[in-house]
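See below for the structure under consideration.
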Amino acid sequence: MALGTETGRVDNELEKLSIFVAGRRIPLKAAQELVAAEGESIVWSLTSAVGDRKADTALAELNTLLGMPGGNDDSKIITFILALAGFLRQLLQIRILMRLRKLTRPEQFGDAIERMDDTAREEFADSGLSFFANKLHPYRAKILAKQALNYSELELQEAISWMRDLNLAS
């Protein structure tokens, strides 16, 4: 049972197990099913590591993803590329919104998202910033803004273009 390298995930899975068992013994098979290494969660940890510019952690998570049973490596890599491209687009949209709103700190972005009304969301969606059409939790917004500030707009644009070309070549 692989949980990846993110200690926060280990804590979450332990908490999930403790709630599930409620003081009872749990068979190993049940625990493995409850805390199975899920590709989605690995990809989440991987993109988070990329956002934090933690290359070693990102590579370890990619290795975990490729080592998971089921599917083939090509499909896993394509899944990763598509997830990473979407994540980088989100970061780029955040960078653009922060520049337009003259926001310099992640907390400011979280507060702006919390105060954003439906009309503003629709305006952003209409202007191509579709990420903001959906409600985003302010805490998640702050985390994403912090990660977005780890990159320049140009770096994000180049990475997205590179991945688009890579994906087209597949």
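Is it the case that Arg9 is touching a Leu at 6+ places or on another chain (Cβ under 6 Å) and either at pLDDT below 70 or open to solvent by 20 Å² or more (accessible area, probe 1.4 Å) (or both)?
Yes.
Where in the range 78-170 are there helices (runs of 4 or more DSSP H), lying fully within it, with 1 or more residues that are surrounded by fewer than 18 Cβ atoms within 10 Å (Cβ to Cβ), at pLDDT 90 or above and not acidic (Asp, Glu)?
The qualifying helices (runs of 4 or more DSSP H) are 106-115, 138-148, 153-169.
The values are calculated or read from the model by the stated rules, or taken from the named source; none is laboratory data. Because the structure is a prediction, the values reported are computed rather than measured. For neighbour counting, all protein chains shown are included, and Cβ atoms are generated from backbone atoms with ideal geometry for every residue, glycine included. Ligands, DNA and RNA are excluded from the accessible area calculation, which covers all protein heavy atoms including side chains. Shrake-Rupley method; radii C 1.70, N 1.55, O 1.52, S 1.80 Å.
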